[in-house]
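The values are calculated or read from the model by the stated rules, or taken from the named source; none is laboratory data. Note that the coordinates shown come from a computational prediction; the quantities given were computed from them, not determined experimentally. We place every Cβ from the backbone using ideal geometry, glycine too, and count neighbours over all the protein chains shown. Each accessible area value is taken on the protein alone, full model and side chains, heavy atoms only, with ligands, DNA and RNA left out. Shrake-Rupley method; radii C 1.70, N 1.55, O 1.52, S 1.80 Å.
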Amino acid sequence: VGAIRLAAKGDLTVNGTLDAHATGLRVDSYGKIIDSPNRAIVDLTSTHGTLTLGGGAAIDLGAGTAVSATQGNDGASRGTLALNAPRRGDNDVAVNVAGTPTIQGAKSIAVNAFRTYSDAPLASAPDVTGHVPQLITQKYLDEIDGHSSAFIDKALANTSLSARLA
């Protein structure tokens, strides 16, 4: 199996085929399938734009496509698809799924919404380079955790986001 990682600073649109599948299966000395080396990965990221999966997108994460059940293929999906995009507002993610893309062999599909923080409190004096560094404290991390929890709750209730990801 393979791994495909695509990242864009702006918009990232996939409307073609991303193929990370394998025809064979890696097994241990007892002939049992080993999950890890049979896990295809497709990781798509837009850092400042919108991540779009078009209706013509096809993502193949399968393993053992040329191995029959009698040869030991259990037919289980093992691949992982990660869609990483920035948060939009307090309840949305810059991800759009247009039409019905084809996704094969995925055990998990994750939508990861992220935010870039640059508002940590400043130190009282410059460091050796002359720059005043930010102080990352437990209080600051607790505030970020609170923001993240609130975002997750609101995003899960966002019917527009749910419809786009359906």
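Annotations
- Every condition in (1) in contact (Cβ under 8 Å) with a residue 24 or more places away in the chain; (2) open to solvent by 60 Å² or more (accessible area, probe 1.4 Å); (3) over 16 Å from A98 (Cβ atoms) is met by I34 except one, and the failing one is (1).
- Here V111 clears all of (1) over 30 Å from H147 (Cα atoms); (2) open to solvent by 40 Å² or more (accessible area, probe 1.4 Å); (3) of a type outside the set (G, A, S); (4) under 14 Å from the mean Cα position of the chain (by Cα) except the condition numbered (1).
- The numbered conditions (1) touching a Ser or Thr at 6+ places or on another chain (Cβ under 9 Å); (2) within 23 Å of A155 (Cβ to Cβ); (3) surrounded by fewer than 19 Cβ atoms within 10 Å (Cβ to Cβ) are all true for Q104 except (2).
- The listed residues are A22, A58, A40, and the only one of them that is hydrophobic (A, V, I, L, M, F, W, C), in contact with a helix residue (DSSP H, G or I) (Cβ under 9 Å, 6 or more places away or on another chain) and farther than 22 Å from S160 by Cβ turns out to be A22.
- Any pair with Cβ under 8 angstrom, 6 or more apart, that starts in the range 54-67 at a residue that is on the phi > 0 side of the Ramachandran plot and in contact (Cβ under 8 Å) with a residue 12 or more places away in the chain and ends at one that is open to solvent by 10 Å² or more (accessible area, probe 1.4 Å) and among the β-branched types (V, I, T): G64/T23; G64/I33
- Test result for T23, touching a Ser or Thr at 6+ places or on another chain (Cβ under 9 Å) and farther than 13 Å from I103 by Cβ: yes
- The range 69-101 - residue that is buried (at least 16 other Cβ atoms within 10 Å of the Cβ), of a type in the set (G, A, S) and over 25 Å from L141 (Cβ atoms) and, of those, modelled with the highest pLDDT: G79
- Residue check, D142 open to solvent by less than 80 Å² (accessible area, probe 1.4 Å) and without any contact (Cβ under 8 Å) to a residue 24 or more places away in the chain: no
A quick yes/no check of all residues on (1) assigned to a helix (DSSP H, G or I); (2) within 30 Å of R39 (Cβ to Cβ):
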site: S108; (1), (2): no, yes
site: V111; (1), (2): no, yes
site: Y117; (1), (2): no, no
site: V128; (1), (2): no, no
site: K139; (1), (2): yes, no
site: D145; (1), (2): yes, yes
site: I152; (1), (2): yes, yes
site: S160; (1), (2): yes, no
site: R164; (1), (2): yes, yes
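- Residue ID - most open to solvent (accessible area, probe 1.4 Å), chosen from residues in the range 37-68 that are over 13 Å from the mean Cα position of the chain (by Cα) and over 21 Å from A20 (Cα atoms): H48
- Residues of the range 145-166 that are surrounded by 11 or more Cβ atoms within 10 Å (Cβ to Cβ) and among the hydrophobic types (A, V, I, L, M, F, W, C): A150, F151, I152, A155, L161, L165.
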